[in-house]
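Take a look at the structure below.
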Amino acid sequence: MKHLIYKTLSFLVIAIAAQVSSVGAADLSSLRIMTENFPPFNYSEDGKPAGIAVERLLNASEAAGMPVTKDQISVITWARAYKTTLSGPNALLFSTTRSAEREDLFKWAGPIGQNRIVVWAKKSSNFGQIEDISKITDKMVVVRDDIGDQLALSAGVPDKMIIRSSKLEASAKQIQNDRAKLWVYSEIAVPTILEGIGANIDDYEIVHVLSSTDLYFAFSKDVDDALIAKLQAGIDATK
């Protein structure tokens, strides 16, 4: 009798665990969903997430039958969101550049947009076009753990020449206030960021292109493949 009860209880535990796993795999609400201030793809507007990528997530998740609301999305610093997603568990980060360096660090759904990572300088610095970025002799500012940080290192920029800021606006202020001469960030986002700190995009120019890449939703490695496949189907259905 005891043996029968033990077997029955064991079966129930396994069944419940399987059911929980199944629910987790089918519902984005089980994830911590994070983004950063990266206009026009994602940013905070009147205290709520907004932007192209936010709308892509809302539409794709609804099409996939597991709708996400803006209240489920946190807008935080990139460095914090990146670290949280890298370590997991149950994390979703966007908009994330998919690169060779990051390929095996996350699971992916997308693409959801395109992004060109470039090196900016003030026109008054008279850099012209920099052919070999690895030979710079001036300080370069990046957002910590951003794709620009990783691409600069991959391009051979000495680590000692890189200033890392945890916040995007802080990195913009570094070059605006001449603490750095070069700034690595997205071409499409910079005009809005400069306007936000009282700077003028007309005072800046692109002096080097590091990469042109696609943006994705990035998941921590523990997230179930079935959930990601459902969101991917939603992305494909709402292109």
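Computed quantities for the displayed model
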item	result
Test for Ala233: is it in a helix (DSSP H, G or I) and in the same structural domain as Thr85 (by TED's automatic domain parsing)	yes
Positions within the range 221-239 being under 19 Å from Thr85 (Cβ atoms), free of Cβ contacts under 8 Å to residues at least 40 places away in the same chain and of a type in the set (Asp, Glu), in sequence order	none
Members of the range 51-96 that are of a type in the set (S, T, N, Q) and in a helix (DSSP H, G or I)	Asn59, Ser61, Gln72, Thr84, Thr85, Ser87
Hey, Ala109 out of contact with any Asp or Glu (no Cβ under 8 Å at 6 or more places or on another chain), modelled with pLDDT of 95 or more, buried (at least 18 other Cβ atoms within 10 Å of the Cβ) and assigned to a helix (DSSP H, G or I) or not	no
Pair list, Cβ < 7 Å and 6+ apart or interchain, from the range 148-167 residues that are among the polar types (S, T, N, Q) to residues that are in a helix (DSSP H, G or I)	Ser165/Ser171; Ser165/Gln174; Ser166/Ala79
Count of residues meeting criterion [over 18 Å from Ile117 (Cβ atoms) and out of contact with any helix residue (DSSP H, G or I) (no Cβ under 8 Å at 6 or more places or on another chain)] in the range 180-197	0
Residue, surrounded by the most Cβ atoms within 10 Å (Cβ to Cβ), within the range 61-85, restricted to residues that are touching a Leu at 6+ places or on another chain (Cβ under 6 Å) and in contact (Cβ under 8 Å) with a residue 60 or more places away in the chain	Thr85
Failed item, numbered, when Ile193 is tested on (1) surrounded by 20 or more Cβ atoms within 10 Å (Cβ to Cβ); (2) of a type in the set (Val, Ile, Thr); (3) under 19 Å from Gly128 (Cβ atoms)	(3)
Residue under evaluation Leu153, criteria (1) buried (at least 16 other Cβ atoms within 10 Å of the Cβ); (2) within 15 Å of Lys135 (Cα to Cα), criterion not met	(1)
Scan of the range 211-230 for residues that are under 22 Å from Asn59 (Cα atoms) and either among the hydroxyl-bearing types (Ser, Thr, Tyr) or part of a helix (DSSP H, G or I) (or both), ordered by number	Tyr216, Ser220, Asp225, Ala226, Leu227, Ile228, Ala229, Lys230
Ile163 within 13 Å of the chain's Cα centre (by Cα), surrounded by 13 or more Cβ atoms within 10 Å (Cβ to Cβ) and not assigned by TED's automatic domain parsing to the domain that holds Val223	no
Ser99 vs. criteria out of contact with any Lys or Arg (no Cβ under 6 Å at 6 or more places or on another chain), in a loop (DSSP other than H, G, I, E, B) and among the polar types (S, T, N, Q)	yes
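The rows are residues; the columns are (1) in a strand (DSSP E or B); (2) in contact with a strand residue (DSSP E or B) (Cβ under 8 Å, 6 or more places away or on another chain).
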{"site": "Leu153", "(1), (2)": "no, yes"}
{"site": "Ala170", "(1), (2)": "no, no"}
{"site": "Gln174", "(1), (2)": "no, yes"}
{"site": "Tyr185", "(1), (2)": "yes, yes"}
{"site": "Glu195", "(1), (2)": "no, no"}
{"site": "Ala199", "(1), (2)": "no, no"}
{"site": "Glu205", "(1), (2)": "yes, yes"}
{"site": "Val209", "(1), (2)": "yes, yes"}
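The values are calculated or read from the model by the stated rules, or taken from the named source; none is laboratory data. Keep in mind that this is a model prediction, so the values were computed, not measured. Cβ coordinates were reconstructed from backbone atoms using ideal geometry, including for glycine residues, and neighbour counts include every protein chain displayed.
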